[in-house]
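As structure tokens, the structure follows; a few thoughts come after it.
The values are calculated or read from the model by the stated rules, or taken from the named source; none is laboratory data. These numbers come from a predicted model, not from an experiment. Here the Cβ positions follow ideal geometry from the backbone for every residue, glycine too, while neighbour counts run over all protein chains shown. What goes into the accessible areas is simple: the full protein's heavy atoms, side chains included, and nothing from ligands, DNA or RNA. Shrake-Rupley method; radii C 1.70, N 1.55, O 1.52, S 1.80 Å.
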Amino acid sequence: MLDIPLRVRVDVETLLAAQNDMGVCDAFEQYAPVGKPNAMNAPHPPKVAGIDSTVPAPAHTVAPAPAAPATTSVSSPNAPGALLQDRLAGWVSDLTTLHELTERLVRTDALADALQEVLRAGAALVGARRGLVVLEPDDGLGPDTTIGLGLARADLGHIETVPRSSMSYGRILDGLPGGDGEIAQPDLLAEDGLDPRHREVAARLGYAACYALPLSTAGAGRLGAAVWLYDEPAEPSERRRHLVGLYTRHATEHLARLIEVERTRACMATMAEELLPSRLPRVAGVRLAARHRTGPRGGGDWYDALPLPDAALGLAVGSVTGSGASAIAAMGRLRASLRAYAVMEGEDPVAVLSDLELLLRLTEPARSATALFAYCEPALRKITLAGAGHCPPLLIGERRTDFVETTVSAPLGMLACWEAPSVELCAEPGETVLLYTDGLLHRTGDATDRAFARLHAAAAGVPRTLRGDPGAVADHVLRTVLPDGQDEADSQEDVVLLAAHFE
């Protein structure tokens with residue numbers, strides 16, 4: 001407990017009357033004697049629980065204490081100290097709660113997780129059980145999403161059928177009158193002007209009141225709106241409103257940063273996808289399928305399939321060192337160059353990779369890359385391939401599942417002059433040749449030999465009913481090598497699979 005000096009003479013009746021109009025700090029500033037500053041009347045009190053304590057607490061941070069009779073207030077010297085101790089203890093408790101909630105929020109690094117945390121923390125602060133947040137940045141650049149707390153996807157669908165102008169979040173997002181601040185509707189079903197559809201949805205979902213706040217920052221503008229729903233007619237107290245207002249002020253700054261990260265990731269993924277083939281060619285005698293997973297920072301893994309003269313087909317996969325925009329740009333240049341070399345001399349994969357290595361060494365001497373190019377003759381089911389530091393292809397058939405024996409060679413850009421012999425193989429009818437990048441192996445987290453063993457086991461375990469479909473083969477291998485959604489989860493490694501099934 002705090003020890004209040006007896007020299008601080010505060011009239012109890014005056015303090016009780018003033019506590020409804022000022023915070024604790026203001027009361028001390030007005031009634032404490034002027035003199036040497038101490039811990040109680042210092043002009044800049046220290047920070048408490050990570051929250052800037054220079055922001056004065058409102059009058060409702062702690063519920064006002066009932067006024068004591070005048071006869072007892074004057075005769076009891078300990079009453080002022082007990083009152084101030086209670087108010088300070090409540091203030092510290094509130095700030096500690098805000099500190100814990102904001103600490104949990106800043107530990108989130110994904111936008112969806114942060115929005116869920118905002119909903120949970122806000123529900124605890126305002127005393128609600130359910131809620132939703134509608135993310136719709138006013139700059140129109142997205143991302144736009146709606147996330148619910150205690151609401152199923154079907155419930156959110158019902159809410160979205162209500163006209164936006166009738167919903168509190170719609171008034172905030174559309175800038176309608178009354179939508180520039182908090183919106184409290186303590187008894188929805190009792191409102192005379194409530195939209196009939198809103199009344200119907202509220203009765204179906206079982207909420208009778210709501211409280212909404214805009215999510216906006218000075219720099220990023222309006223990001224969205226958060227709405228909390230009450231099962232019974234209710235509204236948050238002034239103290240709860242103040243706390244949730246402080247929390248959302250800090251939360252929106254964190255959300256704004258995550259939105260920028262999400263936009264950057266989406267832009268990088270779009271760039272990478274646009275630099276890859278929009279569709280695979282159709283060539284008689286062979287069917288193709290490709291799977292591509294891009295990491296959050298964007299990587300340089302790529303694939304290509306292009307028809308060549310004499311009814312031939314060129315298949316290529318590769319990986320450029322690095323990540324981000326520079327790696328994606330280098331990948332695009334490398335792929336475009338390989339296509340040109342393949343058209344001119346595709347029947348000789350070694351010449352294609354030699355030209356590609358020379359180009360890489362002259363134009364980007366600080367970068368290296370791995371690549372594999374295969375010249376396919378579907379009518380003969382004959383494949384001639386060469387690799388530069390790349391993983392060997394996998395041949396999947398009814399009677400065999402084997403890695404293709406390729407010569408050991410260095411990646412492009414590692415040697416002064418790259419050259420390695422090519423390898424020829426013939427596929428049986430119904431067999432599939434699987435080309436992939438090393439990101440598939442790296443995402444497993446296993447050692448190289450164990451990762452190759454896992455890949456071989458996954459390919460050998462493809463059900464017979466799926467072996468005639470190259471897309472099904474690629475999906476099975478991807479899900480088996482990377483189970484439990486690891487193929488979709490964020491990773492620093494890109495993954496590329498290119499499957500060619502010979503008829």
Looks like the range 258-364, by Cα gyration tensor root eigenvalues a ≥ b ≥ c and the a/c under 1.5 rounded cutoff (else prolate when a/b is bigger than b/c, oblate otherwise), is oblate
How much accessible area per residue does the range 181-237 have, in Å², with a 1.4 Å probe?
-> 41 Å²
So, with a 1.4 angstrom probe, what is the percent of accessible area on the range 283-416 that is carbon and sulfur?
-> 55 percent
Expressed as a whole number of Å, what is the distance separating the alpha-carbon centroids of the range 186-263 and the range 431-503?
-> 45 Å
Counted charge near Ile147, where neighbours are those whose Cβ lies closer than 14 Å (Asp, Glu -1; Lys, Arg +1) = -4
List the relative contact order of the range 341-402 as a percent without decimals, with contacts defined as Cα pairs under 8 Å and 6+ residues apart.
-> 28 percent
So what is the accessible area of the range 431-502 per residue, in Å², with the probe set to 1.4 Å?
-> 40 Å²
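Using DSSP to define loop residues, name the trypsin sites (Lys or Arg not before Pro) in the range 322-413 whose beta-carbon has at most 13 other beta-carbon atoms within 10 Å. Write out the running numbers ahead of the final one.
Working: sites: Arg333, Arg335, Arg339, Arg361, Arg367, Arg381, Lys382, Arg399, Arg400; in loops: Arg367, Arg381, Arg399, Arg400.
Answer in residue order: Arg399, Arg400.
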Please report the relative contact order for the range 369-434, taking Cα pairs under 8 Å with a sequence separation of at least 6, and give it as a percent rounded to a whole number.
-> 38 percent
Please report, for the Cα atoms of the range 188-288, the Rg to one decimal and the Dmax as a whole number; what are they, in angstrom?
-> 23.1, 74
Can you pull the percent of the range 94-154's accessible area that's carbon plus sulfur, 1.4 Å probe, other chains left in place?
-> 48 percent
Hey, can you find the accessible area per residue of the range 306-375 for me, probe 1.4 Å, expressed in square angstrom?
-> 37 Å²
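Tell me the relative contact order for the range 266-339 as a rounded percent, counting alpha carbon contacts under 8 Å between residues six or more apart. Intermediate values should be presented prior to the final figure.
Details: 90 pairs, mean separation 22.8, N = 74.
Rounded, it is 31 percent for the range 266-339.
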For Arg400 paired with Leu156, estimate the spin-label separation in nm (one decimal), with each label point 7 Å from Cα along the Cα-to-Cβ line.
-> 5.1 nm
